1. List, in order, the whole-Hz ³J(HN,Hα) value for each residue of region 69-74 obtained from phi through the Karplus relation with A = 6.51, B = -1.76, C = 1.60 and θ = phi - 60°; use x for Gly and Pro.
2. Just the number, please: carbon plus sulfur as a percent of the accessible area of the chain, 1.4 Å probe, no ligands or DNA/RNA counted.
3. Please work out the average accessible area per residue across the chain, using the 1.4 Å probe convention, and give it in Å².
4. Note down the accessible area of THR172, probe 1.4 Å, to the nearest 10 Å².
5. For semi-axes √(5λ) of the Cα gyration tensor in Å, several values are listed as (i) 44, 20, 13; (ii) 25, 17, 17; (iii) 44, 25, 13; flag the one computed from this structure.
6. Could you tell me the center-to-center distance, by alpha carbons, between region 89-124 and region 8-61 in angstrom?
7. I'd like the FRET efficiency for ILE95 and LEU19, computed as 1/(1 + (r/R0)^6) with the beta carbon distance as r and R0 of 41 Å, rounded to 0.05.
8. Show that you can apply the helix-only estimate: for the chain, add -39,500 (n - 2.57) for every DSSP H stretch of four or more residues, divide by all residues, and state [θ] at 222 nm to the nearest 500.
Amino acid sequence: MTRTEVLARVREQSSRYALLREQASRYALLPLRIFLGVTFVYAGLDKLTDSAFLSVSGDGSIGQTMESSRDAAAIPGLVDMALEDPVGFAVAMAIGELLVGLGVLAGLLTRVAAVGGALISLSLWLTVSWAVPRYYYSQDLIYLMAWIPFILAGAPYLSLDSLIRSRRSRRTA
């Protein structure tokens, strides 16, 4: 094989790797989007189907969870608001998680869904998980940080948002 042929092969492989890197970076957030979507759908469904959780008192109830976390919360006032109607709050939280998860999975209004997910995560971090001994043990803080790329970038690929955007641009063209 001549030197020219070797150089041509190297350029060809380099070009393939560049294309692969471009595709990988394009879809880099997709695994995180799927994880967050599935997790929030599961969390919402789990709450809605757990009769013990949807109770004012008792083991595993929303009321007990809120009462036990109130004094250690960063913002006890948030817990007090939830304790005014713990079951209503639990249902609202579960429906919010479900809608956020479905929105992110479908890539529909992704930025809005991500803001919702971030607010849910922030409220849980400031209340229920605030007493965790070290901040990096708190899963709610991690979820809060995981929502930020979707607030900034949305879901530009494999999403209903991108489908709607491309149809709009074709109409205006």
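The values are calculated or read from the model by the stated rules, or taken from the named source; none is laboratory data. Being a predicted model, the structure only gives us computed values, none of them experimental. Virtual Cβ from ideal backbone geometry, glycine too; neighbours counted across all protein chains shown. Each accessible area value is taken on the protein alone, full model and side chains, heavy atoms only, with ligands, DNA and RNA left out. Shrake-Rupley method; radii C 1.70, N 1.55, O 1.52, S 1.80 Å.
1. 9, 4, 6, 9, 5, 5
2. On the chain, the fraction of accessible area on carbon and sulfur atoms equals 63 percent.
3. Result: 63 Å² per residue.
4. THR172 exposes around 120 Å² with every protein chain in place.
5. Of the listed options (i) 44, 20, 13; (ii) 25, 17, 17; (iii) 44, 25, 13, (i) comes from this structure.
6. 14 Å
7. Working: r = 43 Å, r/R0 = 1.04.
Taking R0 as 41 Å, the efficiency between ILE95 and LEU19 is 0.45.
8. So the calculated ellipticity at 222 nm is -24500 deg cm²/dmol.
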